[in-house]
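Let me begin by presenting the structure, written as structure tokens, before commenting on it.
Values quoted throughout were computed directly from the atomic coordinates according to the rules given, and no laboratory measurement underlies them. Just so it is clear, the model here is predicted, and its values are computed rather than measured. Cβ placement follows ideal geometry from the backbone for every residue including glycine, while neighbour counts extend to all protein chains displayed.
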Amino acid sequence: MDKLVIHGGRPLHGHVAASGAKNAALPILIATLLAPGEHRIDNVPELVDVSFSLSLLGRIGCPSLVHPGGVSRVRLDTTRIAFSEAPYDVVRKMRASVVALGPLLARCGHARVSLPGGCAIGVRPIDQHLKGLEALGCEFELSGGYVNGRVDHLRGAEIHLDMPTVTGTENILMAATLADGVSVIHNAAREPEIVDLARFLRAMGARIRGEGTSTIEVDGVPALRPARRPYRIMSDRIEAGTYLVAGAITGGAVTVEHAPVDSMEALFASLRRAGCEVSTDGDRVHLRRDGPLRPVDIETAPHPGFPTDMQAQWMALMSLAEGESTIRETIFENRFMHAAELMRMGARIELDGGTARVRGVQALQGATVMATDLRASASLVLAGLAAQGHTEMLRLYHLDRGYERLVEKLQGLGARVRRVPDDVRVTALPAAEDAAPGDPGRAAI
């Protein structure tokens, strides 16, 4: 097991490129099950969750070929499906595996998928998935912790979701592409990753309208085929946002390249209110903060609102604002678990149900902290970058699920951070800590 060691207190400067979006890559990889043949997908991030997805597809009978030098380019052969099952040992590691349910039912007529169960940030049931798929003609039986589904004939339907669930919308959307007739998904999730999935499905021959709105219409087709050209996955708006907050919390100047700027306006507006200069130039976002941080209240909401996946990072930022801010989490229960770890670093946070009140402090102090989930990990890294002294963060497997080459990218911005084995004791920086950017000693610990 490894840990992350961060020596904070240095403003970050420079350019960093956003990788492919995890939350777009996972459903797109699974969507290849809908069309037999060879698929080529570019800009696939090198993440543990992507490896899990490719492993799941391999177990189903669809081998993959990863381009040498990284996961960025993937070839998948979905000609044959040997097993229409997503077993527990995969789904428990990566909840997004549940989106295999719709494509397997559409392709094979039957599927067996493990129930995802709970996780560190809430229960997140799949009742809306089943409701929508049942409207399309599927029948389900729950047995032994698995969803066993069967369908003789997928038919178009009007589907009214009780809430705009992202993975639920994706599951229903994928199945509906091969249904007989027109399907309409009302109260659909509007996230950019769903738009990306719809574009990929359209490249395979699907007929879809309305993605990015709350009403998606799907005119089912008899069959799909692999896209004629390699499909490029969108960039990760949450990763891009995390690096912008890294620049803000350290009082630096950071440019994020290949950013999906059209999907990040809620974050940009909040950063500006907090005292940061934010500007865009094509797919580049420039952030600078010279003055003090101002407190800004936020409330998480489905897109285009403030993303729940940026809430933990925002809490770290507000812990250094001059005044009190309020953070309301409306998407997931139990998503304030990072607050206790931030308080270990000196943050002043009071929790009351789904509301956190953050009173800014003059400085955070380095400490040993433990990550509870992916975005909590990011918040602790940000706090460590701004803190006095050094921070050691344990449970790095959470970060490996969602941030590609994190240490390398932070070092490129001038951060003093390193990944080391858990049993390595780090007490001080060498004299090379003040080397100019680009020097090998700049990131040494």
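For the reader, a short list of remarks on this structure follows.
- For residue 370, the residues whose modelled amide H falls within less than 5 Å of its own, excluding neighbours fewer than 5 places apart on the same chain, are 394.
- With respect to the chain, whose longest principal axis is taken over its alpha-carbon atoms, helix 374-386 is tilted by about 20°.
- Sequence-separation-based contact order of the chain, relative, with Cα cut under 8 Å and 6+ spacing, percent: 20 percent
- The amide H of residue 85, built 1.01 Å from its N in the peptide plane, has 112 as neighbours under 5 Å, considering only residues 5 or more places off or on other chains.
- Paramagnetic reach from residue 55 in segment 357-388 [backbone N under 19 Å; point 7 Å along Cα→Cβ]: 373-374
- Virtual paramagnetic centre 7 Å along Cα→Cβ of residue 48, amide N under 15 Å, in segment 1-33: 1-4
- Protection proxy ranking of 210-221, 133-144, 100-111, 233-244, by the mean of other Cβ atoms within 10 Å over each peptide's residues and highest first, is 233-244, 100-111, 210-221, 133-144.
- Fraction of antiparallel bridges per DSSP, segment 4-120 only, in percent to nearest 5: 80 percent
- Cβ-Cβ FRET estimate between residue 158 and residue 13, R0 fixed at 60 Å, reported to 0.05: 0.70
- When peptides 170-178, 27-35, 382-390 are ranked by their average number of other Cβ atoms within 10 Å per residue, the highest-first order is 170-178, 27-35, 382-390.
- Cα shape, segment 22-232, gyration tensor, a/c 1.5 rule: rounded
- Segment 202-225 versus segment 365-406: alpha-carbon centroid distance in Å: 39 Å
- Residue-by-residue Karplus 3J(HN,Hα) for segment 318-324, coefficients 6.51, -1.76, 1.60, Hz, glycine and proline x: 5, 5, 10, 6, 8, x, 10
- Extension gain, residue 343 to residue 81, is 89.4 nm, computed as 0.36 nm per intervening residue step minus the present C-alpha separation.
- Gyration tensor verdict on segment 256-409 (Cα atoms; rounded if a/c is under 1.5, prolate if a/b is larger than b/c, oblate otherwise): rounded
- Shape call, the chain: gyration tensor on alpha carbons, a/c limit 1.5: prolate
- Computed from phi, the 3J(HN,Hα) profile of segment 32-46 under the Karplus parametrisation 6.51, -1.76, 1.60 (θ = phi - 60°) reads 4, 4, 6, 10, x, x, 9, 10, 10, 10, 10, 6, 7, x, 8 Hz, with x in place of Gly and Pro.
- Residue-wise HN-Hα couplings along segment 85-90, as the Karplus relation 6.51 cos²θ - 1.76 cosθ + 1.60 with θ = phi - 60° gives them from phi, are 9, 10, x, 4, 5, 8 Hz; Gly and Pro carry x.
- Segments 332-341, 41-50, 81-90 sorted - mean Cβ within 10 Å per residue, highest first: 41-50, 332-341, 81-90
- Debye, to nearest 20: dipole size of the chain, +1 on Lys, Arg Cβ, -1 on Asp, Glu Cβ: 660 debye
- Across the options 306, 347, 325, the greatest Cα extent toward the positive end of the charge dipole of segment 255-362 (unit charges at beta carbon of Lys, Arg, Asp, Glu) belongs to 347.
- Here's the picture: charge each Lys and Arg Cβ at +1 and each Asp and Glu Cβ at -1 in segment 22-232, and of 208, 157, 133 the one pushed furthest to the positive end of that dipole is 208.
- Axis angle, to the nearest 10 degrees, between helix 237-249 and the longest C-alpha principal axis of the chain: 10 degrees.
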